[in-house]
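*Asks:* Quick one: structure below, then a few questions.
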Amino acid sequence: MKKLANVLLAVSLSPLFFQTALAQEERTALVPLPSIDDFTQGEDGWAFGLGLGVEYESAYEGSDEFGFEVQPAGAVQWRRGDDIFYFAGEALGWRGLRGNRWLFDAAVAFDEGREENDSDDGRLDGLGDNDEGVEVVLQARRAFDADWRYWLDGRVVAGENGSLGIFGVGRRFGNQTDGSGSEIGLVAVFHDSERANRDFGIDAVQSAASGLDETDLSGGFRSLGLNYSYRQYINDNWQIFGEALYERYFGDVKDSPITRNDYEAEVGLGFIYVF
């Protein structure tokens with residue numbers, strides 16, 4: 001799920017790449033959204049993107065600690081018409097465009113969970129490590145018009161550690177068709193009781209080991225989030241991307257002893273080389 005935007009970042013970076021617009025005109029992405037990786041440049045067959053990103057983010061969900069993390073970026077993709085099959089990091093999936101206004105995405109992904117040592121200040125001592133697990137991600141986006149200026153978004157994440165439901169609306173900026181530019185989205189996040197307690201609950205054993213109050217959460221509304229994505233081509237092969245996220249917790253999640261901050265935040269910047 002990750003992923004408020006630093007609008008000033010886009011404003012400051014855009015002039016640096018303004019002169020590359022001519023190189024972008026012939027590129028056509030499956031959908032013109034910066035948040036959707038598409039390295040195929042409108043052509044059928046194999047496509048590869050490889051890069052690196054640096055993120056400044058919360059140490060874990062609800063943490064009041066922040067730090068830098070280096071993450072690989074990119075994907076291996078195979079396109080045929082309006083369908084793309086991809087392997088990206090810890091996800092294997094398919095996405096397809098239907099009727100120019102519907103984008104569907106289905107993937108199998110790996111959830112890393114949370115480790116006790118994610119907190120350098122010992123905030124998680126006694127809670128142990130959360131289980132890792134495999135999850136299925138199903139997503140549908142519906143554009144209001146063919147240029148994808150506005151859209152609705154629905155996503156379900158279900159796996160061994162519970163389920164999430166994410167529903168939102170988005171707005172794209174710029175007129176490019178190559179997947180560059182910027183976009184912003186507002187989402188509401190829901191979870192079931194299993195996922196809620198995996199991330200924010202404390203059982204009797206954990207309470208005794210950590211000294212934190214035993215906490216049992218029910219499912220339902222979890223948070224509101226604002227996310228921003230930015231992507232731009234530097235030349236024919238190199239592109240720069242940025243993203244920012246702000247998620248505000250509500251209800252039982254906000255009151256959990258694990259939630260030292262009632263929000264999660266992240267800002268990232270990186271480069272990708274498209275082969």
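Every residue, every condition in (1) buried (at least 17 other Cβ atoms within 10 Å of the Cβ); (2) among the aromatic types (Phe, Trp, Tyr), yes or no:
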position	(1), (2)
Tyr150	no, yes
Phe167	no, yes
Phe173	no, yes
Ser180	yes, no
Arg195	yes, no
Ala204	no, no
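*Asks:* Still on this structure, I have one more. Quick check on Arg198: is it outside any loop (DSSP other than H, G, I, E, B), closer than 29 Å to Phe271 by Cα and basic (Lys, Arg)?
*Replies:* So Arg198 fails the test.
*Asks:* Considering only the range 237-263, state which residues are charged (D, E, K, R), more than 13 Å from the chain's Cα centre (by Cα) and assigned to a strand (DSSP E or B).
*Replies:* Passing the criteria: only Arg248.
*Asks:* If I go through the range 130-148 residue by residue, how many of them are surrounded by 15 or more Cβ atoms within 10 Å (Cβ to Cβ) and assigned to a loop (DSSP other than H, G, I, E, B)?
*Replies:* Residues flagged as surrounded by 15 or more Cβ atoms within 10 Å (Cβ to Cβ) and assigned to a loop (DSSP other than H, G, I, E, B) within the range 130-148 amount to 2.
*Asks:* Take Phe68 and tell me if it is modelled with pLDDT of 95 or more and closer than 26 Å to Asn161 by Cα. Reasoning before the result, please.
*Replies:* On the way: modelled with pLDDT of 95 or more: yes; closer than 26 Å to Asn161 by Cα: no.
It is false that Phe68 is modelled with pLDDT of 95 or more and closer than 26 Å to Asn161 by Cα.
*Asks:* Name every residue in the range 219-275 that is within 27 Å of Pro72 (Cβ to Cβ) and of a type in the set (Lys, Arg), in order of residue number.
*Replies:* Arg231
*Asks:* Please determine whether any residue of the range 109-129 is surrounded by 16 or more Cβ atoms within 10 Å (Cβ to Cβ), at negative phi, in a strand (DSSP E or B) and of a type in the set (A, V, I, L, M, F, W, C).
*Replies:* yes
Yes/no matrix, rows are residues, columns are (1) closer than 30 Å to Phe271 by Cα; (2) assigned to a strand (DSSP E or B); (3) modelled with pLDDT of 95 or more; (4) of a type in the set (Val, Ile, Thr):
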| position | (1), (2), (3), (4) |
| --- | --- |
| Phe221 | no, yes, yes, no |
| Leu224 | yes, yes, yes, no |
| Tyr228 | yes, yes, yes, no |
| Asn235 | yes, no, no, no |
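*Asks:* With (1) outside any loop (DSSP other than H, G, I, E, B); (2) under 19 Å from the mean Cα position of the chain (by Cα); (3) at pLDDT below 85 as the list, and Arg95 as the residue in question, which single condition is left unmet?
*Replies:* Against the list (1) outside any loop (DSSP other than H, G, I, E, B); (2) under 19 Å from the mean Cα position of the chain (by Cα); (3) at pLDDT below 85, Arg95 comes up short only on (3).
*Asks:* Please tell me if Ser210 is out of contact with any Cys (no Cβ under 9 Å at 6 or more places or on another chain), under 30 Å from Arg149 (Cβ atoms) and buried (at least 18 other Cβ atoms within 10 Å of the Cβ).
*Replies:* no
*Asks:* Every residue in the range 52-70 that is part of a strand (DSSP E or B) and either loosely packed, with under 14 Cβ neighbours inside 10 Å or not charged (D, E, K, R) (or both), please.
*Replies:* Within the range 52-70, Leu52, Gly53, Val54, Tyr56, Ser58, Phe66, Gly67, Phe68, Glu69, Val70 qualify.
The values are calculated or read from the model by the stated rules, or taken from the named source; none is laboratory data. Predicted model, so just to flag it, every value in this text is computed and none were measured. Don't worry about glycine lacking a Cβ; one is built from the backbone with ideal geometry, like all the others, and counts go over all protein chains shown.
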